[in-house]
Amino acid sequence: MASRDVVTYETPLTKLIRVLSVVFLALYLVWTLLPFFIMFISSFKDLLAAFKLPAVGDWSDIGVFFDFTPTLKHYRSLFEDNAFGTYTMNSLIAAGGSAVISVIFGSLAAYSLSRVNFRGKSDLFFWIISTRMAPVVAVMVPLYSIFRSLDLVGTLPGLILAYTTFNLPFAIWILKGFFDNVPYAIEEAQMVDGATRFQAFRSILPLVAPGIGAFIVLCILFAWNDFLFAAIIGSGGAKTLPVATRELVQPQNIQWGAIMAAGVITTLPMMALGLVIRKYLVTGLTMGAVKE
Amino acid sequence: MTDLTEKSPALQDVAAKLFRARSHSIEVEARPRTEVLEKPLTFNPPAPKRYYFYLMAPAIAVLAFISLYPFFWLIFLSLQDVDIGGGEWVGFDNYIRLFSDSRFINGWTLLLKYSVICLTLQLSIGVLLAVVVNNSRYERFLVTALLMPMMMAPAVAGLLWLFLYNGTFGWYHWLMQSVGILDSASILARADTALLAVIIVDVWQWTPLITLIALAGLKRVPRDQLEANMVDGASPMRNFFSITLPNLYPVLLIAVLLRFMDNFRFIDSLLVLTGGGPGSATKILPVYLFEVAFKFFKLGRGAAIALTLLLVTIILGKILVRVFENPKAGRS
């Protein structure tokens with residue numbers, strides 16, 4: 001018997017725990033993924049097929065879920081009858097714009113916050129991060145009032161600025177952690193070799209580039225998924241995908257097929273992006289508190 | 001010898017010099033090496049503070065415009081009775097009226113109830129799931145699957161669940177009816193179940209976050225402690241409660257604070273699912289604030305409500321930052 005096997009022993013209890021944990025995992029996976037599956041399938045269903053449901057308690061008839069001819073008409077109608085092409089562009093510009101602004105300004109600020117010490121630095125830092133933590137509705141009350149007087153309501157620049165309220169503090173907070181890990185000695189060595197300060201700063205950028213790239217993506221994700229700012233600040237001229245999807249819900253005639261299709265359009269790109277930056281996702285979602 | 005030195009002052013001088021030289025050399029040798037190494041000769045000291053302030057300036061300026069200015073504007077607004085047309089100064093009237101506003105108080109109790117139930121469910125399921133995933137061979141695949149709900153826009157998640165809960169053709173409605181826990185009315189339409197329905201959606205979307213945080217914490221539980229405890233005869237169960245769980249507390253505290261603040265922050269899915277209804281069964285404070293400010297456009301009263309909400313968030317944030325800065329929490 002190998003030495004590492006000594007501690008593993010199987011009693012009826014541990015066996016039971018093992019079986020139970022597999023069952024628990026399986027159930028949880030179904031619980032997590034089933035809504036996505038239903039959304040995806042329903043987006044290809046005709047209106048009548050989507051309404052088909054077995055009688056209450058009739059478990060044998062559960063197969064009606066798959067009883068349909070796939071159709072792409074919901075997707076087509078979204079782009080042809082509804083302006084989902086424009087809404088996608090709005091989402092892209094608003095999310096991308098705020099992400100780029102946040103990361104450019106954020107990385108400069110994060111770099112200097114990581115290199116210099118001064119009185120009141122922790123207070124400044126707390127102010128920055130509390131901006132990010134503030135409830136969206138609470139931020140929106142004054143922001144709406146200000147933006148209305150500046151004619152920014154219903155415009156893409158307004159929306160970009162609104163998204164920057166949560167993306168910029170986030171970028172500063174997270175990127176400071178990245179710059180803290182880069183020793184000053186590298187910049188110093190560059191300057192000994194005759195680089196200017198700014199060139200030295202540029203020379204350490206490749207070291208933090210993967211992180212910066214990942215957090216551009218994360219900023220895009222936060223902004224893309226926002227609903228409240230888009231619904232109020234963007235109402236009118238700058239409708240984004242979540243808001244446009246919500247507007248498909250009408251009192252008399254809820255177009256479920258179209259809503260599910262719009263849901264797929266909104267969710268799929270973010271899932272793909274999420275997989276790309278998987279490594280940084282937990283760090284980002286916990287504001288840097290937890291590193292994987 | 002003594003005679004010799006006494007007689008010749010020159011020799012005395014040499015002796016003194018020798019003594020000084022020896023003591024000096026001892027001094028040199030005794031100087032700790034680190035003192036030299038700690039402060040290397042810096043040819044390029046960090047730039048003057050001014051330089052860094054210039055780099056910070058754009059970000060600070062943008063933030064000042066979109067956070068500091070609105071904050072003072074919020075205080076200013078809360079002292080007025082603002083409508084679409086314009087404002088009228090009312091002093092602290094908005095605040096005084098809050099105390100007798102039953103929907104405001106109801107909003108706070110509902111918000112606390114909602115957050116506490118959400119967190120309890122998410123924590124217990126999330127930690128259990130993390131332990132199971134940690135022991136699984138398919139960890140990578142499982143984590144990927146768990147990430148999915150968090151990538152979805154909360155508003156879209158709300159719409160999706162609106163479809164699943166639908167009283168006439170929702171599959172989850174059918175499921176709950178078939179199991180016998182629900183009659184024909186949709187779970188969203190009844191005042192006693194609507195809050196639960198909203199909580200279920202939050203649990204569906206955000207339990208994985210707790211799981212991922214706990215999973216990162218589990219990786220750092222010292223193995224030697226676990227093994228030592230086992231050698232001493234502890235059962236796996238005992239091991240979990242006396243070693244693993246205490247090691248998880250710091251990260252779980254962060255998870256709880258983050259989720260707690262997010263419950264204050266985001267109301268997207270709730271707004272889509274129930275809009276605060278039926279009646280005001282799910283009208284948690286941010287939803288009530290949304291209604292006051294953006295349905296009735298009572299921005300002044302909204303500002304007063306928003307300030308109470310902000311105050312609580314800032315206190316929570318202070319606690320969170322303190323936990324962040326504690327080296328024992330989080331960072332490895």
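What the table below lists for this structure:
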read-out: Some residue of the range A:231-238 being at the interface with chain B (Cβ under 8 Å from one of its Cβ atoms) and closer than 30 Å to B:GLY167 by Cβ; value: yes
read-out: Output for the range B:278-302, where each listed residue is facing chain A (nearest Cβ under 10 Å) and among the hydrophobic types (A, V, I, L, M, F, W, C); value: B:LEU285, B:VAL287, B:LEU289, B:PHE290, B:VAL292, B:ALA293, B:PHE294, B:PHE297, B:LEU299
read-out: Some residue of the range A:97-112 being at the interface with chain B (Cβ under 8 Å from one of its Cβ atoms) and either among the basic types (Lys, Arg) or over 17 Å from B:ALA61 (Cβ atoms) (or both); value: no
read-out: B:ALA191 vs. criteria buried (at least 21 other Cβ atoms within 10 Å of the Cβ), more than 8 Å from every other protein chain (Cβ to nearest Cβ), of a type in the set (A, V, I, L, M) and out of contact with any Cys (no Cβ under 6 Å at 6 or more places or on another chain); value: no
read-out: A:VAL182 farther than 21 Å from A:ALA99 by Cα, more than 12 Å from chain B (Cβ to nearest Cβ) and under 29 Å from the mean Cα position of the chain (by Cα); value: yes
read-out: Residue within the range A:77-90 that is within 12 Å of chain B (Cβ to nearest Cβ) and within 26 Å of B:MET148 (Cα to Cα) present; value: no
read-out: Helices (runs of 4 or more DSSP H) enclosed by the range B:176-279 - at least 3 residues per element that are more than 29 Å from A:ALA138 (Cβ to Cβ); value: B:194-218, B:223-231, B:236-239, B:245-265
read-out: Qualifying residue in the range A:43-64 (condition: under 19 Å from B:PHE163 (Cβ atoms) and among the acidic types (Asp, Glu)); value: yes
read-out: Condition broken by A:ILE277, with the remaining ones in (1) within 12 Å of the chain's Cα centre (by Cα); (2) more than 7 Å from every other protein chain (Cβ to nearest Cβ); (3) without any contact (Cβ under 8 Å) to a residue 40 or more places away in the chain satisfied; value: (3)
read-out: First in the range A:17-28 and within 9 Å of chain B (Cβ to nearest Cβ), second anywhere and hydroxyl-bearing (Ser, Thr, Tyr), Cβ under 7 Å, 6 or more apart; value: A:LEU25/B:SER136
read-out: Unique match (being hydrophobic (A, V, I, L, M, F, W, C) and assigned to a helix (DSSP H, G or I)) among A:VAL249, A:VAL208, A:VAL182; value: A:VAL208
read-out: Inter-residue pairs, beta-carbon under 9 Å, first at the interface with chain B (Cβ under 7 Å from one of its Cβ atoms) and in the range A:281-292, second of a type in the set (S, T, N, Q) and assigned to a loop (DSSP other than H, G, I, E, B), 6+ apart; value: A:LYS291/B:SER332
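So that you can scan it fast, the table gives a plain yes or no per residue for (1) surrounded by 15 or more Cβ atoms within 10 Å (Cβ to Cβ); (2) in the same structural domain as A:ILE254 (by TED's automatic domain parsing); (3) in contact with an Asp or Glu (Cβ under 8 Å, 6 or more places away or on another chain):
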| site | (1), (2), (3) |
| --- | --- |
| A:SER60 | no, no, no |
| A:SER77 | yes, no, no |
| A:GLY97 | yes, yes, no |
| A:PHE118 | no, yes, no |
| A:TRP127 | yes, yes, no |
| A:ILE146 | yes, yes, no |
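The values are calculated or read from the model by the stated rules, or taken from the named source; none is laboratory data. Everything quoted here is computed from the prediction, not taken from an experiment. A quick note on method: Cβ atoms are made from the backbone with ideal geometry, for glycine too, and the neighbour counts reach across all protein chains shown.
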